[in-house]
Ligand code: CUA
């Protein structure tokens, strides 16, 4: 009973499919002017292309202008304190280790041997700023401390056996405050 139903259904569906195929085959044999379709496609494409380029230009402008990809001489213009940071296996050398709250600092970070990672942490071990310390390059990090206290610079890139001891403590003081020399 069911077998017969399935059989009839199959025949009907195959027939319907054949009709669809034949209809499409007949229609495609007819010549259609391709020109207007092509023009419409090009119009849509042009519209989308211009829209995408506009979106990209605007997004690039707003997303990249705050990146600190500027030359090291910019510090003079902003009045930032320039601090040279050198990474060694396995320690950090800073031209200055005491800073003040609210004072813009420009860290010029490089390495004297292998790649290191410069990571600036607060007392709660929150990462505040970071960049690569690379031999032959100087990467600039702009940072302004907002709270006095002890901060740490940790190495963020595995640089061989002493990687974990590459820790440097720096001190941030209130500007002209009572904590001067007593922190
Ligand atoms: Cu230097 Cu890890």
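The values are calculated or read from the model by the stated rules, or taken from the named source; none is laboratory data. Just so you know, these numbers come straight off a predicted model, no measurement behind them. Counting neighbours? That spans all protein chains shown, and the Cβs are built from the backbone with ideal geometry, glycine included.
At a glance:
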{"item": "Test: residue in segment 92-104 that is surrounded by 16 or more Cβ atoms within 10 Å (Cβ to Cβ), within 11 Å of the ligand (Cβ to nearest atom) and at pLDDT 95 or above", "result": "yes"}
{"item": "Qualifying residue in segment 84-93 (condition: over 26 Å from the mean Cα position of the chain (by Cα) and either under 15 Å from residue 172 (Cα atoms) or outside any strand (DSSP E or B) (or both))", "result": "yes"}
{"item": "In segment 153-170, the residues that are over 24 Å from the mean Cα position of the chain (by Cα) and loosely packed, with under 15 Cβ neighbours inside 10 Å", "result": "160, 161, 162, 164, 165, 167, 169"}
{"item": "Filtered residue count, segment 114-136, keeping only those that are touching a strand residue (DSSP E or B) at 6+ places or on another chain (Cβ under 6 Å), assigned to a loop (DSSP other than H, G, I, E, B) and within 15 Å of the ligand (Cβ to nearest atom)", "result": "1"}
{"item": "Qualifying residues in segment 137-146 (those that are in a strand (DSSP E or B) and within 19 Å of residue 98 (Cβ to Cβ)) - the one nearest to the ligand (Cβ to nearest atom)", "result": "141"}
{"item": "Residue selected from segment 147-175 under the condition in contact (Cβ under 8 Å) with a residue 12 or more places away in the chain and in a helix (DSSP H, G or I), by the criterion farthest from the ligand (Cβ to nearest atom)", "result": "165"}
